[in-house]
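Values quoted throughout were computed directly from the atomic coordinates according to the rules given, and no laboratory measurement underlies them. It should be emphasised that the depicted structure is a prediction, and the values quoted were computed from it without experimental measurement. Don't worry about glycine lacking a Cβ; one is built from the backbone with ideal geometry, like all the others, and counts go over all protein chains shown.
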Amino acid sequence: MGRKNSKSDAARQAAASEHSLLAAVARRDRAAFSELYRTYQPRLHGYLRRMVANVVIVEEVVDDVMFVVWTDAKKFRGNSAVSSWIFGIAYRKALTALRKEGRYQAPLVSQAGEHAAAEGAPADLELLHAGLAQLSADHRQVVELTYFCGYSYQEIAEIAQCPVNTVKTRMFHARRRLKLLLPQLAGEAGEQNRDHA
Amino acid sequence: MTTHEPMSHDQAIELLPWLVNESLQAEEHSAVSEHARNCVICRRELEELKVLQQSIDSAASQAVLPEPDMRRINARIDQDLARANSGASILAAINDFFRSPWRVAFAVQTLALVAVTFVWLQPRDVEPEFVTLTTPQTLPAGQYLRVVFDPMLDEAGVALLLDEARLSIAKGPSERGVYTLRFAEGVSADQQTGIANGLRADGRVLFLQTVEGTVK
């Protein structure tokens with residue numbers, strides 16, 4: 001279910017509550033669906049906004065994900081966390097969006113910079129966004145799901161439907177690539193700042 | 001004192017991101033933490049990752065997310081439910097219809113009628129036979145006459161002559177005007193000879209030949 005909460009009683013209660021909500025959604029309970037939507041919309045929006053550049057498309061993808069939750073709730077077997085199941089849907093939807101034409105491409109470095117700056121993010125986070133934009137989709141997903149969403153590597157394996165070792169390997173390569181990219185991007189940013197000055 | 005196996009550097013450094021996001025299981029958490037305490041490389045890496053994680057958490061807490069707007073998703077769900085309901089109502093109507101045995105019988109009868117009509121309206125596979133005067137035809141075994149009449153004799157004259165001689169056309173006329181004629185039933189062999197001789201003598205007949213057996 002994600003960072004810090006996975007072991008706590010509160011997290012277990014929340015997980016049980018989400019299972020009940022999803023079971024109610026499977027019985028076509030609109031109120032339960034609304035509650036689930038309100039819980040997941042911000043998390044999905046944040047996750048997808050970092051993956052897909054266009055905000056309008058992000059909202060469409062969030063709705064696509066939640067519509068799959070509505071239609072496929074009865075298929076949920078309960079052998080994973082509801083959160084992993086929903087983010088698994090989001091992961092595949094995000095990959096599909098990224099594989100589509102140019103308008104679905106990952107944020108460019110400058111866009112990522114603007115995006116982070118607009119949120120008042122620290123400079124190193126701004127650089128991280130720029131670096132992430134240059135990673136492959138699979139590597140970026142693992143970093144996103146770990147640092148931004150707080151998932152364990154086992155949960156990421158469930159979400160991405162791959163072995164846990166693959167998750168670890170992807171993270172290893174992503175970290176190595178970011179270590180090379182971030183100083184370069186920091187240097188470019190420094191040069192740009194000097195030019196502006 | 002620890003109860004777990006010491007973790008190798010490779011294993012520990014691989015798991016540092018999940019130590020930082022606090023999602024490791026208790027045993028792994030303590031094994032990685034213990035390794036990091038004694039490993040300069042992992043300790044440095046861990047510090048960097050912690051700073052990064054704090055930045056991300058801080059930015060996430062400041063991020064302004066749009067209020068959930070459920071209008072579009074609700075519209076899609078309404079459509080989905082309407083579709084499901086229309087399917088269910090059709091099924092219910094069919095179910096109601098088949099509750100009465102008379103209706104079942106009526107439905108079966110109608111279906112049978114439709115099936116028969118369908119089969120009846122299907123184009124036949126049998127090709128119509130195309131026959132010309134020159135198409136070879138086999139007549140059953142018997143006594144026949146091959147005759148060529150005077151070309152001046154018209155159709156009515158031929159018919160009259162054949163009636164008089166108790167003959168009928170079995171085949172023909174051919175391209176060259178040859179008729180194959182059959183004797184009427186009950187005409188004896190002697191009578192046949194007599195009829196043949198009478199026709200030979202008739203001026204309206206230019207040629208006559210008796211044929212016995214199968215005629216092609």
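Restricting to Cα pairs below 8 Å that are 6+ residues apart, what does the relative contact order work out to for segment B:9-62? Please round to a whole percent.
Value for segment B:9-62: 40 percent.
Normalised by the residues of segment B:139-215, what does the relative contact order come to in percent, with Cα pairs under 8 Å and at least six apart?
51
Along the Cα→Cβ direction, 7 angstrom out, place labels at B:ARG99 and A:ASP138. What is the inter-label distance in nm?
For B:ARG99 paired with A:ASP138, the spin-label model returns 5.8 nm.
List the aspartates and glutamates whose Cα lies under 13 Å from the Cα of B:LYS50, skipping any in the same chain that are fewer than 8 positions away.
Reachable aspartates and glutamates: A:ASP124, B:GLU22.
Could you bin all the Cα-Cα distances of segment B:139-215 into 5 Å bins starting at 0 and give me the percent of pairs in each, rounded to whole numbers?
3, 16, 31, 29, 15, 6, 0
In whole Hz, with x marking every Gly and Pro, tabulate ³J(HN,Hα) for segment B:42-49 from phi via Karplus 6.51 cos²θ - 1.76 cosθ + 1.60, θ = phi - 60°.
Each residue's phi maps through the Karplus curve to give 5, 5, 5, 4, 4, 4, 4, 5 Hz.
Which of A:THR169, B:THR180, B:THR193 comes first, and how do the rest follow, when ranked by fewest Cβ neighbours within 10 Å?
B:THR193, A:THR169, B:THR180
What relative contact order, as a whole-number percentage, does chain B give when Cα pairs under 8 Å and 6 or more residues apart are counted?
Reported as a whole number, the value is 17 percent.
Answer rounded, prolate or oblate for segment A:1-105, using the Cα gyration tensor with square roots of eigenvalues a ≥ b ≥ c: rounded when a/c is under 1.5, else prolate when a/b is larger than b/c, else oblate.
It is prolate, given that a/c is not under 1.5 and a/b is the larger ratio.
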